[in-house]
Amino acid sequence: MRKRLYMVVVCFLSFSFLLTGCKSKRENVVTIAAVAPLTGKYAEMGADLLAGVKMAVNEKNDKGGINGKKVVVIEADDKASPKDSVSVAQMLITNKEVVGVIGHMNSGTTLSAAPVYSQANMPLVMPVPTNPDITKQNFNNLIRIPITDDKQGGAIINFVLDKMKLDKVAIVHNKQAYGEGLAREAEKTLNARGYKPLIFLGVNADDQDFKSAILKVKSLEPNVVFFGGDYAEAALFIKQSRESGLNSPFVMGDGSFNSKLIEIAGKAAEGCVVTNIAPMTAPSDRAKEFYRNFEKKHNKIVAFAPLGYVSANILMDAIEKAPTKDKEGVLKVLKDPNYSYDSILGKFSFEANGDSKGDNVFLHEIKDGKFVTINR
């Protein structure tokens, strides 16, 4: 009986030490999560995004972490699947150690997962998704880093008027939801600035010959052409424009940000300006160190690493400033109307619904067959 009692005490003490050890370990770390597609067709972009997150976290830990505590990242794969994104979200909100999530990458997965995070009051810093509907659900836990699709057209026109100093604008679109929507926003901004487009022209996305439309545009002698659409029709339109003697510069949205545009259009694409929510090259002197270090370690930026880096830094900044180191404390900082963060991609502040203020869209000029970020 004495031997059995001894074994119970030993087991109890061992279990107590185990719990104490786990508790001590938990108390010495700050846990966040990062979600992206790590398998499937978007895996390369997802891995790129998380590499940016991890670089920010490693830098933070090298400097002592958050209040002396090491930052730990739980990585999760949503496979770019709305269904899987819900499962991942449910898994993360049940982990009481997680005080904030960075994700997801796709708009579809974010739309599906957002209600789950909202129910748990989990801070969700969104590095990539641009669909305006995400923040129209009246959730109070969302922070979006890029601007939404409906702001992009206006941001391009402001760049055309203010930086390119061009005001004879022809607007062409592909009659599709994205392309025409972008063009409508461009027209709105142009009108608000006291100008009117020379033409607002729709073309069929699957056409192979745009010569008649091009001649209409050329006859108006624009000094810039705004094209709303995807890379395939944009490339053909640009190539045929140059062949027809229309040499005005083209400006386009992120639907045309694809290396295939350059492949199809060839030299005709030189000098064209295309937006993207992340810059492919350092947009400022301050950003150069990140780009240099990231490319040294990972060879190249695939797509969204800078946005992952900025998102992680914003979340960690909020944790550091939080009055309590839990979800509620982090949200109190992030949702403060006066909160802002000065990052390598510029200063970020947020609307009440979590959308990014301003026009943090990055423009790239095609030079020597590559997208080169325009420093603004």
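Return one whole number: the accessible area per residue of the range 255-340 in Å², for a 1.4 Å probe.
Each residue of the range 255-340 exposes 45 Å² on average to a 1.4 Å probe.
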Rounded accessible area of residue 156 (nearest 10 Å², 1.4 Å probe): 0
Heavy atoms of residue 298: accessible area, 1.4 Å probe, square angstrom to 10: 80
55, 91, 122, ranked by accessible area, largest first (probe 1.4 Å): 91, 55, 122
Using a Förster distance of 25 Å, the FRET efficiency for residue 140-residue 184 (Cβ separation, nearest 0.05): 0.25
Computed FRET value (nearest 0.05) for residue 205 with residue 297, which takes r as the C-beta separation and R₀ as 45 Å: 0.70
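Sort 226, 362 by heavy-atom solvent-accessible area, probe 1.4 angstrom, most to least. Write out the running numbers ahead of the final one.
Details: 226 0, 362 20 Å².
Of 226, 362, the descending order of accessible area is 362, 226.
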Spin-label pair residue 328/residue 365, simplified geometry with 7 Å Cα→Cβ offset, distance in nm: 5.3
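Quick one: length gained pulling residue 75 to residue 221 fully straight, 0.36 nm per residue minus the C-alpha distance?
On the way: separation 146, 0.36 × 146 = 52.56 nm, distance 5.27 nm.
The residue 75-residue 221 span can extend by a further 47.3 nm.
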Cα-based helix-to-principal-axis angle, 149-162 vs the chain, degrees rounded to 10: 50
³J(HN,Hα) computed for each position of the range 317-329 - Karplus, 6.51 cos²θ - 1.76 cosθ + 1.60, integer Hz, glycine/proline x: 4, 5, 4, 4, 8, 5, x, 10, 7, 9, 4, 5, x
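Just the number, please: carbon plus sulfur as a percent of the accessible area of the chain, 1.4 Å probe, no ligands or DNA/RNA counted.
Values: 8950 of 17630 Å².
The value for the chain is 51 percent carbon and sulfur by accessible area.
Add +1 for every Lys or Arg and -1 for every Asp or Glu among the other residues with Cβ under 9 Å from the Cβ of residue 34, and state the total.
0
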Between 0 and 90°, nearest 10: helix 288-298 axis offset from the chain longest Cα axis: 70
Nearest-ten-degree value, helix 177-192 long axis tilted from longest Cα axis of the chain: 70
Stokes-Einstein D (µm²/s) once Rh is taken as the Kirkwood radius of the chain over alpha-carbon pairs, at 20 °C in 1.002 mPa s: 96
Lys, Arg +1 and Asp, Glu -1 on Cβ, resulting dipole of the range 62-103 about Cα centre, debye, nearest 20: 180
Cross-link table 79/297; 211/357; 347/367; 216/367, entries beyond 32 Å C-alpha to C-alpha: 211/357
Choice from 64, 329, 154 with maximal GNM fluctuation in the chain (Cα, 10 Å cutoff): 64
Which of 314, 74 is most accessible, then next, and so on - probe 1.4 Å: 74, 314
Computed Kirkwood radius, in angstrom, where 1/r is averaged over Cα pairs of the range 111-198: 14.8
In sequence order, calculated HN-Hα J values of the range 360-365 (Karplus, 6.51, -1.76, 1.60; Hz; x Gly/Pro): 6, 10, 10, 9, 10, 9
Amide proton proximity set for residue 350, modelled H, under 5 Å, gap of 5+: 357
Dipole magnitude of the chain, debye to nearest 20 (Cβ charges: Lys/Arg +1, Asp/Glu -1, about Cα centre): 1320
Residue-normalised accessible area of the range 75-213, expressed per residue, 1.4 Å probe, Å²: 41
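The values are calculated or read from the model by the stated rules, or taken from the named source; none is laboratory data. Here the structure is a predicted model, which means the values were calculated and not measured. Cβ: placed from backbone, ideal geometry, glycine included. Neighbour counts: every protein chain shown. Ligands, DNA and RNA are excluded from the accessible area calculation, which covers all protein heavy atoms including side chains. Shrake-Rupley method; radii C 1.70, N 1.55, O 1.52, S 1.80 Å.
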